[in-house]
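Notes follow once the structure below has been shown.
Readers should treat all values here as calculations from the given coordinates under stated rules, not as data from a laboratory. Keep in mind that what you see is a predicted model, and the values were worked out from it rather than measured. Virtual Cβ from ideal backbone geometry, glycine too; neighbours counted across all protein chains shown.
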Amino acid sequence: MYKYSRIPVCLLAAAFFLPIQPAQAETTVSIDVVREVDSAEGDSELQPVETAVPGEPLIYRIRLENTDPVPATSVGLSLPLDDSLAIDPQSVSAETDIGVTFSVDGGESFEAFETLSVEDGGTTRQAQATDLTHMRIEIAEVGAESTIAVSYDAVVR
């Protein structure tokens, strides 16, 4: 079983907010882990996750909020990926155009998932989702006094 705890937004911002170029605006980052659950009415709803078991699908939601009256430009996030999860690299999406690259070497280098390879038993093979160690998200602009949400799917290993 994997237990989740809320991390203060200020720590998330310090850990994950890495501007590609110096941003002129104050941008904060928050991350929620949710699961899709069927409600009594038969609708689907998202509920916060506190514990999860192997094989359980989860949804990670990252919110970038720009509270300044000027846009934040060239915003980048570099996220270490938990090795108890396998993310779906194709599921990373946002309300705006984003650039997404991944690392298999602890965050030393980043490439598109489709071009990543790893050494395995003396041979080179295409990287799999379970090989990923980091994800980098690049956003050209977070508008003045606005929020952008990025989400991706993961499964507990």
| task | Please give the per residue volume of the convex hull enclosing the alpha carbon atoms of the stretch 22-81, rounded to a whole number of Å³. | result | 133
| field | FRET efficiency for ARG35 and ALA149, using Cβ-Cβ distance with R0 set to 25 Å, rounded to 0.05 | value | 0.90
